[in-house]
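Structure first, then comments.
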């Protein structure tokens, strides 16, 4: 992929992120995107902390899930959804930023298995691994538009 194509893909990815109300609420930023790879960052703020002062596990989970889905979606090159993922919390997250780095480790026609490392970044730029996630990202089927889809009860 040439630099111009990378810029187009990153701009597209940022537009997708901007269209996600929850991502906007948290203030997530897409730092890098190329086929099978994503870097997603989030500034740590007071509303994202739990009662002990650590970043809430749900925030780490969100960041990993979204990064996994970007990595899998760009590897598959089709619309996707997360089929499943697991996360291991390694240490409480503190610091100035969280950064999720995700890569596709196996890609087939219908799914991508991806890994994500979530690091906390201190004010001095030092990084510590705080979570690791593994997920399966599935191709989104050829569904009819929502307005014409029939609901089966």
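Remarks
- Considering residues of the range 43-65 that are surrounded by fewer than 14 Cβ atoms within 10 Å (Cβ to Cβ) and in a loop (DSSP other than H, G, I, E, B) only, the residue nearest to the chain's Cα centre (by Cα): 45
- Condition met for residue 40 (part of a helix (DSSP H, G or I) and at negative phi): no
- Per this entry, residue 87 is not counted among residues that are closer than 20 Å to residue 25 by Cβ, more than 11 Å from the chain's Cα centre (by Cα), surrounded by 14 or more Cβ atoms within 10 Å (Cβ to Cβ) and touching a residue at least 40 places away in the same chain (Cβ under 8 Å).
- Search result, residues across the range 8-24 that are loosely packed, with under 11 Cβ neighbours inside 10 Å and either assigned to a helix (DSSP H, G or I) or in contact (Cβ under 8 Å) with a residue 12 or more places away in the chain (or both): 15, 21, 22
- Scoring residue 108 on the criteria (1) out of contact with any helix residue (DSSP H, G or I) (no Cβ under 7 Å at 6 or more places or on another chain); (2) farther than 19 Å from residue 13 by Cα; (3) surrounded by 12 or more Cβ atoms within 10 Å (Cβ to Cβ) leaves a single failure, condition (3).
- Residue in the range 126-153 that is nearest to residue 37 (Cα to Cα), counting only those that are modelled with pLDDT of 95 or more and exposed (fewer than 13 other Cβ atoms within 10 Å of the Cβ): 129
The values are calculated or read from the model by the stated rules, or taken from the named source; none is laboratory data. All values derive from a computational prediction rather than experimental measurement. Cβ coordinates were reconstructed from backbone atoms using ideal geometry, including for glycine residues, and neighbour counts include every protein chain displayed.
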